[in-house]
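Only one structure is covered here, and it is reproduced in the block below.
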């Protein structure tokens, strides 16, 4: 068994190391400096190995630390009427029950299991038992210091904190044993990533119990939780025998992993098929235009479900929210001054909101998979004048689509500003509307430009451009950090508009200069 | 018209795939391009179609002694998996293509005439292309190239995975199209190459070379080609 564990661990590690090396290879510029046979270079391998081991260590503690800090203690501080130690124990219990069947380690079909069991034909029982045992050990080791740290912090007694790691594992073992028994009885293997409707309902109820009950002042007494935890440890101990003796791991995993590999192989096909599904089969859709306008009109009309419909939906939501706040002003006039103060300095926040509601990558993905992927194989489509003509048409369309919710939001904010007491500088109203609209235009231009300049998709519709991924992440980070910025409407609005105008000019120049060369199929 | 490639080179990092491609293709002929797996046939096509940047060398067209650059519209590239815009109907695709290429000689007939040429039935003409079968998509792809009349037609394994009837129709069509253009046909199927092509060229250690049939019968010629390809493997 030790040999099996060692082999499985080395296999998993090799897979991780290669994943890290592959990721390093995707970094623009760095990939040119690295040798071609990167997987053979000893030094890099050692470096990746160190990263892999670090990751293993971090994964033992980091996830659990975040779990305690946010989901348990973070939320826990919001309930002021109930004792902190009881809230801690109460939420922990319900979340642990959810985790026992949603985060089992045993019923999670992962690639390393596929490699070990299907490709390498390792002994299933030995592999599963060692892999599962290691996973449970990690849970105990990870929970030990953190449950003590956070538990004591919340005022729970030390003996209770000691119970936690074993109780969590006990619940997991019990749930795993139940699933194995169920498999024995029905032949249906559980997949923790594909839960049924009934299970989701149970999860919903448990979440409601975890967070809802303390809100109305009800928590389970700490002692009751301790008794349940002790019971879980007992059932867990009994379950070990069952898990140890279970004879059909081989068969069960073949079933579980065949589903999963089917999914993995077909991830791309799924993306493609769902893209094809978004094409409307409505035969009444026609176009009377010519050439690229004809192509574009049909594209937009036949992709209404992923382009205009969500934009219209967001517009309604914006309208609804604005009306809701107006109603709140009417019912609670004291809110006005707060909202007014917030509105005057919160404009940077809306960059992130515009980022979230923009239909950028969805549009370009549909463009590629349903249109450019095929048409780029025809030479007429790649003629420079054609590329630029179509770019201009598409830019116009995506700006139109995104502008609808943006103008609604901008106008809504201006109305709210007015209704909440207004501002001395009337320009603020104008700037509010124009700057939100310009943010929307910026995102439209941005996504289409990086699509044309980097064309990140391969022939098999995978995204294979490190630079593209980096630009997307950078966009997200910038928008995210802008949320922290507080600036008067006038200053930020003007800066925003200027930036957008400048960006659009630069983007268009770059497109005219480079797109005819860069807008190609990646092979 | 002649299509001339001179000292074309392409490497992927340190791996030299096309080391020195020099060849002159003549119009009116179908060239069968043969090579072992990984020999670089698709890479060569991708370079000629400018989907990949070359590392060196050049290629151009020679018409009545005048040299000129190969433009995008000179090349028609037919892939083994036919690619058609899924959100258009067959008729709309043709309509769009004809709008764009209105000036092309081949694009001046009523749309239904083209469908007739490809034996695409009335019912299928107004169906979305996403609902077309592989063979039907292939016909549409060929139809577009038929109308575009490119000077150079590159075909990358175009007949594999077609049923026998469609494959035969395609072969006939290629024969009828070969006048006034250069057709380069990459395939793994030796019999198909011998049946359809006027010349057999091998992609061999990153270079192109013609296999001379001279007085050999088909069986001996086949043996000669296989020997040449084996040789490459031992080099």
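Any read-out appearing in this document is the output of simple, stated calculations on the displayed coordinates, not a laboratory observation. The structure displayed is predicted, hence computed values, not measured ones. Reconstructed Cβ throughout: ideal geometry from the backbone, glycine too, with neighbour counts over all protein chains shown.
At 222 nm, what helix-only mean residue ellipticity would chain A give, in deg cm²/dmol to the nearest 500, using -39500 (n - 2.57) for each DSSP H run of four or more?
-24500 deg cm²/dmol
Distance between Cα centroids, region A:282-312 to region B:1-17: provide it in whole Å.
42
Please build a GNM for chain B, connecting alpha carbons under 10 Å apart, and tell me which residue among B:121, B:19, B:27 fluctuates the most.
Evaluated over chain B, the most mobile residue of the options is B:121.
With an 8 Å Cα cut-off and a minimum separation of 6 or more residues, compute the relative contact order for region B:70-167 in percent.
Value for region B:70-167: 52 percent.
Roughly how crowded by other chains is peptide A:288-299, in terms of the mean Cβ count from those chains within 10 Å of each of its Cβ atoms?
Across the residues of A:288-299, the mean count of other-chain Cβ atoms within 10 Å is 4.
Would you mind classifying region A:247-388 by shape? Square roots of the alpha carbon gyration tensor eigenvalues, ordered a ≥ b ≥ c; an a/c under 1.5 is rounded, otherwise it is prolate if a/b is larger than b/c and oblate if not.
Judged from the Cα gyration tensor, region A:247-388 comes out oblate (a/c at least 1.5, b/c at or above a/b).
Relative contact order, percent, of chain A when contacts are C-alpha pairs under 8 Å separated by at least 6 residues?
Answer for chain A is 15 percent.
Could you give the distance between the Cα centres of region A:2-16 and region B:158-229, to the whole Å?
49
Determine, for each peptide in B:144-157, B:53-66, A:130-143, A:202-215, the mean count of other beta carbons within 10 angstrom over its residues, then list the peptides with the highest first.
B:144-157, A:130-143, A:202-215, B:53-66
Helix B:164-177 sits at what angle to the longest principal axis of chain B, using alpha carbons and giving 0 to 90 degrees rounded to 10?
Once rounded, one gets 80 degrees.
Per DSSP H run of at least 4 residues, take -39500 (n - 2.57); add these up for chain B, divide by its residues and hand me the 222 nm value, nearest 500 deg cm²/dmol.
So the helix-based figure for chain B works out to -10500 deg cm²/dmol.
Restricting to bridges with both residues inside the protein assembly as shown, how much of the DSSP beta-bridge set is antiparallel, in percent to the nearest 5?
55
Using alpha carbons only, how many degrees (0 to 90, rounded to 10) separate the axis of helix A:335-345 from the longest principal axis of chain A?
It is inclined by approximately 70 degrees.
Name the shape class, rounded, prolate or oblate, that the alpha-carbon gyration tensor gives for the protein assembly as shown, where a ≥ b ≥ c are the square roots of its eigenvalues, rounded holds for a/c under 1.5, and otherwise prolate holds if a/b is larger than b/c and oblate otherwise.
It is oblate, given that a/c is not under 1.5 and a/b is not larger than b/c.
Give the order of A:159, A:427 when sorted by the count of other beta carbons within 10 angstrom, beginning with the fewest.
By the 10 Å Cβ count, ascending: A:159, A:427.
Which residue fluctuates the most in chain B, going by a Gaussian network model with Cα springs under 10 Å, if the choices are B:174, B:33, B:88?
Comparing B:174, B:33, B:88 in a Gaussian network model of chain B, the most mobile one is B:88.
Any chance you could check the Cα centroid distance between region B:56-89 and region A:418-447 for me, in angstrom?
Taking the Cα centre of each part, region B:56-89 and region A:418-447 sit 48 Å apart.
Between residue A:501 and residue A:290, what is 0.36 nm times their sequence separation minus the Cα-Cα distance? Round to one decimal in nm.
Full extension from residue A:501 to residue A:290 adds 72.9 nm.
As I understand it, the value is the acute angle between the Cα axis of helix B:90-100 and the longest principal axis of the Cα atoms of chain B; what does it come to in degrees, rounded to 10?
70
Below 8 Å between Cα atoms, with a sequence gap of 6+, how large is the relative contact order for region B:2-234 in percent?
For region B:2-234, the relative contact order is 30 percent.
Over all residues in A:375-388, what is the mean tally of Cβ atoms on other chains that come within 10 Å of each residue's Cβ?
Average per residue, whole number: 6.
Highest mean first, how do B:129-138, A:245-254 rank when packing is the count of other Cβ atoms within 10 Å averaged over residues?
Per-residue mean Cβ counts within 10 Å order the peptides as B:129-138, A:245-254.
Order of A:447, A:349 from fewest to most other C-beta atoms within 10 Å?
In order of increasing Cβ crowding within 10 Å: A:349, A:447.
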